[in-house]
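Okay, structure first, notes after.
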Amino acid sequence: MFHLMYKFMDSMQRLAQDAADKLNLTPAEMAELLAKSNLPVIFVLGGPGSGKGTQCEKLVAKYGFTHLSSGDLLRAEVESGSDLGKQIKDTMEAGDLVPLETVLRLLREAMITSLETSKGFLIDGYPREVEQAVKFEEQVCPCTLVIYFELSDEVMTQRLMKRGETSGRVDDNEETIKKRLQTFHEHSQPVVCHYEQRCKTINAERSVDEIFEDVCKEVDNLKCGEQPAAE
Ligand code: AP5
């Protein structure tokens, strides 16, 4: 019994050490590891409340991808109570974008940590500006596919106001939702044009299952070997 317990603790320590060692790699070394892995990297884009998280959850269940939401990574940093977390909280509360380097570092580290077991990455809510896209491809790896959920501001607002009744999220209130939509149109929508060739636009003003059917078609095309065109 004790023997098994020590063996378990030993392997947990080794795993923790491996993760720590990987995080000590330089950004260039991390990028090399990620590029070599040749795993699909799918950017999931859309305005606030467009259903990115909902669809990613279903994709994880069907394809076993690793889901990394930039918003969730930032909220985890806020929860940690760190000084960085305090700055991030103010930015999120205002509906503005958190500085690029912060988001990119959190994403890169999360990708490296799950690299060995991953079947591919769903990057939810990143890139939110063209510069984030450029830096990711320079410093991490190329993205394979971009999925963009298209819907009206009215529907996004309705969904978020409804969610705000129970979510407890500091940004699910009328004033911040307006600012999030404005930030989205100003900074994030140009990313869709940037990825014209690799981007698949999906009508997200339908039921969750109807949307998911279209999302799966795009993912299955990738699995059938359809090569994304470079921009
Ligand atoms: P983030 O957490 O990414 O929030 P968001 O983009 O505003 O999107 P949400 O998570 O609110 O919505 P979602 O699209 O995932 O929709 P969901 O599936 O939950 O970012 C928050 C903040 O962090 C940003 O404002 C920014 O400050 C910062 N940040 C994040 N990433 C950053 C980056 N890259 N750079 C800089 N800063 C960054 O669905 C919403 C609701 O609708 C749910 O209640 C759901 O049940 C419902 N719903 C979903 N689909 C449907 C459907 N088809 N029909 C009816 N209801 C539906």
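The values are calculated or read from the model by the stated rules, or taken from the named source; none is laboratory data. A quick note: this is a predicted structure, and the numbers were derived from the prediction, not measured. Cβ sites come from the backbone with ideal geometry, for glycine too, and all protein chains shown count toward neighbours. Please note that ligands, DNA and RNA were not included when accessible areas were found on the heavy atoms of the full protein model with its side chains. Shrake-Rupley method; radii C 1.70, N 1.55, O 1.52, S 1.80 Å.
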Worksheet item: For the stretch 85-99, does any single residue satisfy the condition of being within 14 Å of the ligand (Cβ to nearest atom), surrounded by 15 or more Cβ atoms within 10 Å (Cβ to Cβ), without any contact (Cβ under 8 Å) to a residue 40 or more places away in the chain and under 18 Å from Q189 (Cα atoms)?
Response: yes
Practice prompt. Working carefully through the options L45, L39, L68, find the one that is in contact with an Asp or Glu (Cβ under 8 Å, 6 or more places away or on another chain) and not in a helix (DSSP H, G or I).
Written response: L68
Discussion item. Consider the stretch 138-151. How many of its residues are more than 25 Å from N203 (Cβ to Cβ) and either surrounded by 16 or more Cβ atoms within 10 Å (Cβ to Cβ) or within 10 Å of the ligand (Cβ to nearest atom) (or both)?
Written reply: 3
Item to complete: Could you grab me the full set of residues in the stretch 199-231 that are in contact with a strand residue (DSSP E or B) (Cβ under 7 Å, 6 or more places away or on another chain) and either farther than 25 Å from F136 by Cα or at pLDDT below 95 (or both)?
Response: N203, A204, I211, D214, L222, P228
Discussion item. Tally up the residues in the stretch 53-65 that are open to solvent by 20 Å² or more (accessible area, probe 1.4 Å), assigned to a helix (DSSP H, G or I) and farther than 24 Å from Q87 by Cβ, please.
Written reply: 7
Worksheet item: Taking the stated definitions as given, is S69 open to solvent by 20 Å² or more (accessible area, probe 1.4 Å) and under 16 Å from the mean Cα position of the chain (by Cα)?
Response: no
Fill in: Looking only at the stretch 172-196, and only at residues there that are of a type outside the set (K, R) and open to solvent by 80 Å² or more (accessible area, probe 1.4 Å), the one that is farthest from the ligand (Cβ to nearest atom)
E196
Worksheet entry | Members of the stretch 152-166 that are more than 19 Å from the chain's Cα centre (by Cα) and either of a type outside the set (K, R) or open to solvent by less than 60 Å² (accessible area, probe 1.4 Å) (or both) | S152, D153, E154, V155, T157, Q158, M161, G164, E165, T166
Worksheet item: Can we say R169 is surrounded by 14 or more Cβ atoms within 10 Å (Cβ to Cβ), within 22 Å of G85 (Cβ to Cβ) and more than 17 Å from the chain's Cα centre (by Cα)?
Response: yes
